[in-house]
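A.B. asks: First the structure, which I've put down as structure tokens, then a few questions once you've had a look.
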Amino acid sequence: MSNELRCSHCDRLCRAGERYCPYCHEPIVSVDVSDGKLDDIPLEYWESFIDSNADKYLKVFKKHPDKTWFTDFHLPAFLWSLEWMLYRKMYWQAAIVWAARVLLVFGMVLLFPVMPVFSIVAFFVLAVGMQVGFALFAHALYKQHCLRHLRRSLGSVTSGGTSVFGVIVFAVLADLLSTFLLQPLLTAMIYNLS
């Protein structure tokens, strides 16, 4: 099997000398199947770290074996970006996205008395743009997250996987923060501006 490559587009085995996949006719840009590694890390470590849906993530990662940044739309990251990041234990990335959303809301509140229509339209465009942009780069962000942890642990995979607990804790903290800090602040800002 050492003379076979796996197509990164349709995931079928192809002969090593072929430049295009005979099944989907896309260029073959895959790593050797017998190698069993992605970015010099054994696939078993990747699978163990990613845990649930490892096959789906690895299929996307194998499409871009030597790229740090790439685009590949990820629907769960579009619909539930913060929850997806927390589920995948990407805590500091989730904090950055949450802070960007809070700043966006504060910006809208500050602009609303001056330019109400513009602030609503701008908020909508920026919010959707953030979600689409994040969904396009979510796989690349997650690959970088995995690489950082896998290279640091050198094979002893202990901190990977998923965390429903992280999502629940975030939901409770976000609700408390919203109720006791953000809503009073926004209310005070609105009253001061009017």
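A.B. asks: In a Gaussian network model over the chain where Cα atoms closer than 10 Å are linked, find which of 144, 183, 131 has the largest mean-square fluctuation.
C.D. replies: Residue with maximal mean-square fluctuation among 144, 183, 131: 183.
A.B. asks: Between 89, 56, 37, where does the largest GNM mean-square fluctuation fall for the chain, given springs only between Cα atoms within less than 10 Å?
C.D. replies: Looking only at 89, 56, 37, the biggest GNM fluctuation is shown by 56.
A.B. asks: If you compute mean projected area of the Cα convex hull in nm² for the structure shown, which of [x] 14.1; [y] 13.5; [z] 10.1 do you land on?
C.D. replies: Correct label, based on the coordinates given: [y].
A.B. asks: Mind ranking 90, 108 by accessible surface for me, highest first, 1.4 Å probe?
C.D. replies: 108, 90
A.B. asks: Of 165, 137, 49, which is the most mobile in a GNM of the chain whose springs link Cα atoms less than 10 angstrom apart?
C.D. replies: 165
A.B. asks: When ligands, DNA and RNA are left out and all protein chains stay put, how many square angstrom of accessible area per residue does segment 36-111 have with a 1.4 Å probe?
C.D. replies: Averaged over the residues of segment 36-111, the accessible area is 53 Å².
A.B. asks: Please list, ordered by chain and number, the residues whose modelled amide H lies under 5 Å from the amide H of residue 37; skip anything fewer than 5 residues away on the same chain.
C.D. replies: Residues meeting the amide H criterion: 43.
A.B. asks: Leaving ligands, DNA and RNA out of it, report the carbon-plus-sulfur percent of the accessible area of the chain at a 1.4 Å probe. Walk me through the numbers on the way to the answer.
C.D. replies: Working: 7610 of 11630 Å².
That fraction is 65 percent.
A.B. asks: Can you give the local net charge around residue 88? Use residues other than it whose beta-carbon is closer than 12 angstrom to its beta-carbon, Lys and Arg +1, Asp and Glu -1.
C.D. replies: 0
A.B. asks: Return the unpartnered cysteines for the chain, using a Cβ-Cβ cut-off of under 4.7 Å.
C.D. replies: 14, 146
A.B. asks: When a/c is below 1.5 the answer is rounded, else prolate if a/b is larger than b/c, else oblate, so apply that to segment 36-99 with a ≥ b ≥ c taken from the square roots of the Cα gyration tensor eigenvalues.
C.D. replies: prolate
A.B. asks: Once amide H atoms are built 1.01 Å from N in the peptide plane, which residues 5 or more positions from residue 161, or in another chain, come under 5 Å H to H?
C.D. replies: For residue 161, whose amide H was placed from the backbone, the distant partners under 5 Å are 50, 51.
The values are calculated or read from the model by the stated rules, or taken from the named source; none is laboratory data. Because the structure is predicted, anything quoted here is derived from the model rather than measured. Neighbour counts are summed over all protein chains in view; Cβ atoms, including those assigned to glycine, are modelled from backbone coordinates with ideal geometry. Just the protein is used for accessible areas: all its heavy atoms, side chains included, with ligands, DNA and RNA removed. Shrake-Rupley method; radii C 1.70, N 1.55, O 1.52, S 1.80 Å.
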